[in-house]
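> Handing you this structure, nothing more for now.
What follows is calculated from the coordinates using simple rules that are stated; it is not laboratory data. Just so it is clear, the model here is predicted, and its values are computed rather than measured. Glycine also receives a Cβ, built like all others from the backbone with ideal geometry; neighbour counts cover every protein chain displayed.
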Amino acid sequence: MLPPLLTELRTPAVQALALPLVLSIAAKQAPDQFLTVTLPELQPLLSTVDGDALVMLLGHLPTMAALMPPASADSVVRVCV
């Protein structure tokens, strides 16, 4: 279920619908799975996100940071803020 949702994140009109599901699934992933499967698909979104999707990402930032090594978390936080 996650790969199709991650693909939908590339479509701005669908981001607000798919992102909560992706973030909910990501919160339950093992750190290595998050780093290899989910984060690579989220990274392009992190640099262009705005509006409701940005609010959702910022709300889940602590969860995403907990799934990443500190260096990766720092770079993601810098992109979002």
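> Considering only the range 32-54, how many residues are in contact with a Pro (Cβ under 9 Å, 6 or more places away or on another chain) and exposed (fewer than 13 other Cβ atoms within 10 Å of the Cβ)?
1
> Are there any pairs with C-beta distances below 6 angstrom linking a residue in the range 49-66 that is more than 17 Å from Gln29 (Cβ to Cβ) to a residue that is surrounded by 17 or more Cβ atoms within 10 Å (Cβ to Cβ) and polar (S, T, N, Q), with the two at least 6 apart or on different chains, and if so which?
Ala53/Gln15
> While we're on this one: Mind checking which residues of the range 17-29 are over 11 Å from Leu5 (Cα atoms) and touching a residue at least 12 places away in the same chain (Cβ under 8 Å)?
Ala26, Ala27, Gln29
> Does the range 17-35 hold any residues that are part of a helix (DSSP H, G or I) and either over 12 Å from the mean Cα position of the chain (by Cα) or on the phi > 0 side of the Ramachandran plot (or both), and which are they?
Leu17, Pro31, Asp32, Gln33
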